[in-house]
Amino acid sequence: MAEEHATLSNLSTENRSFPPSDEFAAQANATADWYDRADADREVFWAEQAERLHWERKWERVLDWDAPFAKWFVGGRLNVAYNCVDRHVEAGYGEQVAFHWEGEPGDTRTITYADLQREVCKTTNALIELGVGEGDRVAIQLPMIPEAVFSMLACARLGAMHSVVFGGFSPGALKARIEDAEAKLLITSDGQYRRGKPAPMKANTDEATAETPTIEHVLVVKRTEIDVPWTDGRDIWWHEIVDKQSEEHTPEAFDAEQPLYILYTSGTTGKPKGILHTAGGYLTQCAYTHNVVFDHKPGESVYWCTADIGWVTGHSYIVYGPLANRATSVMYEGTPNTPHEGRHWEIIQKYGVSIYYTAPTLIRTFMKWGTDIPAKYDLSSLRVLGSVGEPINPEAWMWYRENIGGNNCPIVDTWWQTETGAIMISPLPGVTAAKPGSAMRPLPGISAEIVNDAGEPVGHGNGGYLVLDEPWPSMLRGIWGDEERYRETYWSRFAEQGYYFAGDGAKYDDDGAFWLLGRVDDVMNVSGHRISTTEVESALVSHPTVAEAAVVGASDATTGQGIVAFVIMRGNVAQDEAKGADAIKALRDHVSKEIGPIAKPRQIMVVDELPKTRSGKIMRRLLRDVAENREIGDVTTLADSSVMDMISAGLQDSSRSED
Ligand code: WT7
């Protein structure tokens, strides 16, 4: 850690700053005094935010904090799905559009709040028929189709937990998640559209469920008409069981701390962590942040979050936050360049999108495709632009502001994590003079610090570790089934101070604004998605030709970080063959199959040795130097100092491929 720490100072300085226009500030949902109001009494402030929701029974206390275990809105009772759907219909907004859904091939579906209520009730009744009840776990692997939202809300309505698994994850990854959560039902689809072509889904999930005894049924949405393998008795078509259900279901109110979902995320070890979120605090912070950070106006704004439902951004900012706030959202199934590179701008023009929330990796891709593409569309409906997933470079920020925002949309760079559940550090669009590349400061009600190795605040102008020094409503309540790992992962680094350690480096500029500097642990961030080095290493070593593997994240102009692997082949593999393009391709495909295409190494280098300390720890810092074409740093702690020369010499004939 100490070694990493030294690299955390940010050498760049940014003097540009963009305050909101007077016109925007005058109509903004949140004003500057919110910071002081929240500081004056955090619990009163959060209680006010919780009032945005409908509580069947009001809480007795706002917070019980027995570090590291929090209970928010203690004794309160609510139903999350009722809050996201029914209450809006009851308030007379049944005809308001909840989702403008846009399929990749161009088919569309308009879902009003009344439609959503009917669909969620039918889905809930179908789940009941399939034996799902309070506390059960339901795995969901679906493309970006409305049934994904119906399924999540049906679980929430029943007090069951969903575990959504990204559609691009491999059968092995799905299997591990089903097993860890002991899921009873899997909801999936026959296939999914990928760049204009239907690809199988059910065939893959069948591989995952071949040996998962807890799965009683597989509920299958027909999306592509692709042929599917079928297990009679276990598998059921969505349209056969859901369509016939009653459109009514009376929701029951659950405790504020009722588990809502598990979402798996990568950590520094190979085993994914099941992050647990609960009902009341989570929904409160999702709704609050969606309202103030995006300046959302119910019934007026048209909101589009481009994330996939399989990531936390999809959970908090496609489903829970926006629906709790009665948003009209766009939901898009496909990739940004199908069938052409202007698809997003065409969609913004078509629906009059006013709030657009995306990731830096995509912004950089758009930059690469060229400014003439967005210039062809009318983007004047846009009011607020958001960014999430990784640090956004000032250059990309400026490009976004000029070419998408027409120089008049506030940009909100939102820092948060799967574990935090909702946005933590972000500008307020009507208040903050935002600096390109900075997430600026913690939101009203949120407290964060940047500290040194000893846990002391570093002060303005300095870098260190980002910590959260006060509990927050949407914080994770634990790692599913592993209390020890929860304490160890998040609360042990600064145990004495009682700080949550986020795993990120950060610095304060001279004005006290926060600048996020990336992960300080062995977690890579590829296109805004966390992938652990260990997981990719394990996948490589599971290939019969590989003896040992070391993986590092190297800066990548488009994806933020790219995965670079160093592998030692087994003794019986002919060396020329091992370094050949075919062998490298086979390894890259193998990782893709084991984990999913997002984990496919950008580059694989076959080496004879790996740089290790005397205690046998791989020195990733040195490998990162190689991967980023830098001069190799201090090698004095290497067990064998000639190793780096050997690696550098051997690289000339290593292969790199891209797709
Ligand atoms: C990690 C969390 C939050 C939803 C998407 C990712 C990085 C996230 C920012 C930002 C700099 C960011 C951090 C964080 N990150 N947003 N605005 N600026 N870094 O969720 O997979 O849980 O990843 O993403 O490193 O720890 P996640």
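Please quote Rg/Rh for the stretch 535-653 to two decimal places, taking the Kirkwood radius as Rh and restricting both calculations to Cα atoms.
0.94
Which of Ala565, Gln96, Tyr465 sits closest to the plus end of the dipole of the chain, meaning its Cα is farthest towards the positive end, when Lys and Arg get +1 and Asp and Glu get -1 on the C-beta?
The residue sitting farthest along the positive end of the dipole is Gln96.
Any chance you could list the semi-axes, whole Å, largest first, of the equivalent ellipsoid that the Cα gyration tensor gives for the stretch 422-568, using √(5λ)? Please report the intermediate quantities before stating the final value.
Working: eigenvalues 191, 81, 42 Å².
Listed largest to smallest, the semi-axes of the stretch 422-568 are 31, 20, 14 Å.
For Ala557 and Ala91, FRET efficiency with R0 = 51 Å and r from the beta-carbon atoms, rounded to 0.05?
After rounding to 0.05, the efficiency reads 0.60.
Could you tell me the calculated FRET efficiency between Glu483 and Val74, based on Cβ-Cβ distance and R0 = 22 angstrom, to the nearest 0.05?
FRET efficiency, Glu483 to Val74: 0.65.
Along the positive direction of the dipole of the stretch 535-653 (beta-carbon charges: Lys, Arg +1; Asp, Glu -1; about the Cα centre), which of Pro611, Val552, Val643 reaches farthest?
So the residue furthest toward the plus end is Val552.
If you take the Cα atoms of the stretch 131-189, find Rg, then find the Kirkwood Rh from the mean of 1/r over all pairs, what is Rg/Rh?
0.95
Let me check I have the definition right: for the stretch 84-138, take the eigenvalues of the Cα gyration tensor, multiply each by 5, take square roots. What are those semi-axes in whole Å, largest first?
Those come to 24, 18, 8 Å.
Give, in nm to one decimal, the length gained when the segment between Asp227 and Lys585 is fully stretched (0.36 nm per residue of separation minus the Cα-Cα distance).
Extending this stretch completely gives an extra 126.0 nm.
Read phi for every residue in the stretch 306-314 and hand back ³J(HN,Hα) as whole Hz from Karplus 6.51 cos²θ - 1.76 cosθ + 1.60, θ = phi - 60°, with x for Gly and Pro.
In residue order, the calculated couplings are 8, 5, 8, 5, x, 10, 5, 4, x Hz.
When the helices in the chain are scored as -39500 (n - 2.57) per DSSP H run of 4 or longer and the sum is shared across all residues, what 222 nm value do you end up with, to the nearest 500 deg cm²/dmol?
-7500 deg cm²/dmol
Please give the direction-averaged projected area of the C-alpha convex hull for the stretch 512-555, in square nanometres with one decimal.
About 4.0 nm², averaged over all directions.
For the stretch 144-242, take N as its residue count and report Rg(C-alpha) divided by 2.2 N^0.38 Å.
Computed over Cα atoms of the stretch 144-242, the ratio equals 1.01.
Roughly how many Å² is the accessible area per residue of the stretch 22-503, as a whole number, for a 1.4 Å probe?
That works out to 34 Å² per residue.
Between Ala67 and Glu395, what FRET efficiency comes out of the Förster formula 1/(1 + (r/R0)^6) with R0 = 41 Å and r the beta carbon distance, rounded to 0.05?
0.50
How much length is gained on full extension from Leu638 to Ile128, taking 0.36 nm per residue of separation minus their Cα-Cα distance?
The span from Leu638 to Ile128 would gain 177.6 nm if fully extended.
Per the Cauchy relation, a quarter of the hull surface: what is the mean projected area of the convex hull of the alpha carbons in the chain, in nm²?
Computed as one quarter of the Cα hull surface, the answer is 28.3 nm².
Size of the stretch 47-93 along its principal axes in angstrom, Cα-based, largest extent first?
Between the extreme Cα coordinates on each principal axis of the stretch 47-93 lie 42, 16, 16 Å.
So, by mean Cβ neighbours within 10 angstrom, what's the order for 387-393, 637-643, 219-225, 298-304 with the highest one leading?
387-393, 219-225, 298-304, 637-643
If you count the DSSP beta bridges with both ends in the chain, what percent of them are antiparallel, to the nearest 5?
Once the DSSP bridges in the chain are tallied, antiparallel ones form about 60 percent.
Using the heavy atoms of the protein chains alone and a 1.4 angstrom probe, what is the accessible area of the stretch 535-653 per residue in square angstrom? Present the calculation step by step, with values, prior to reporting the outcome.
On the way: 5450 Å² over 119 residues.
That works out to 46 Å² for each residue.
Quick check: pseudo-label points 7 Å beyond the Cα along Cα→Cβ at Arg52 and Ser648, how many nm apart are they?
If labels sit at Arg52 and Ser648, their model points lie 5.4 nm apart.
At a 1.4 Å probe radius, carbon and sulfur cover how many percent of the accessible area of the chain? Provide the component values of the computation, followed by the final result.
Working: 11460 of 24570 Å².
It is 47 percent, rounded to a whole number.
Along the charge dipole of the chain, which of Met524, Trp230, Pro322 sits closest to the positive end, that is, farthest toward it, with unit charges on the beta carbon of Lys, Arg, Asp and Glu (+1, +1, -1, -1)?
Positive-most Cα among the choices belongs to Trp230.
Taking the Cα centre as origin and putting +1 on Lys and Arg beta-carbons and -1 on Asp and Glu beta-carbons, what dipole magnitude results for the chain, to the nearest 20 debye?
That gives the chain a dipole magnitude of about 660 debye.
What is the gain in length, in nm to one decimal, between Asp469 and Asp453 on full extension, counting 0.36 nm per residue of separation less the C-alpha to C-alpha distance? Walk me through the numbers before you get to the answer.
Values: separation 16, 0.36 × 16 = 5.76 nm, distance 1.52 nm.
Once the chain is fully extended between Asp469 and Asp453, it gains 4.2 nm.
Enumerate the residues in the stretch 391-422 having an amide nitrogen under 18 Å from the point lying 7 Å beyond the Cα of Gln349 toward its Cβ.
Answer for the stretch 391-422: 403-407.
Would you mind calculating the relative contact order of the stretch 22-503 from Cα pairs under 8 angstrom and at least 6 residues apart, reporting the percent as a whole number? Write down the numbers at each step before the final one.
On the way: 1026 pairs, mean separation 76.2, N = 482.
With pairs under 8 Å counted, the relative contact order is 16 percent.
Take peptides 445-456, 117-128 and line them up by average Cβ neighbours within 10 Å, highest first, as a rough protection proxy. Write down the numbers at each step before the final one.
Values: 445-456: 18.1, 117-128: 23.4.
Going from most to least packed, we get 117-128, 445-456.
List the pairs from Lys122/Lys222; Lys184/Lys593; Lys197/Lys350; Lys122/Lys273 whose alpha-carbon separation is above 20 Å, in the order I gave them.
Among Lys122/Lys222; Lys184/Lys593; Lys197/Lys350; Lys122/Lys273, the Cα-Cα distance tops 20 Å for Lys184/Lys593; Lys197/Lys350; Lys122/Lys273.
The values are calculated or read from the model by the stated rules, or taken from the named source; none is laboratory data. Here the structure is a predicted model, which means the values were calculated and not measured. So basically every Cβ, Gly included, is an ideal-geometry build from the backbone, and we count neighbours across all protein chains shown. With ligands, DNA and RNA removed, areas are computed over all heavy atoms of the protein, side chains included. Shrake-Rupley method; radii C 1.70, N 1.55, O 1.52, S 1.80 Å.
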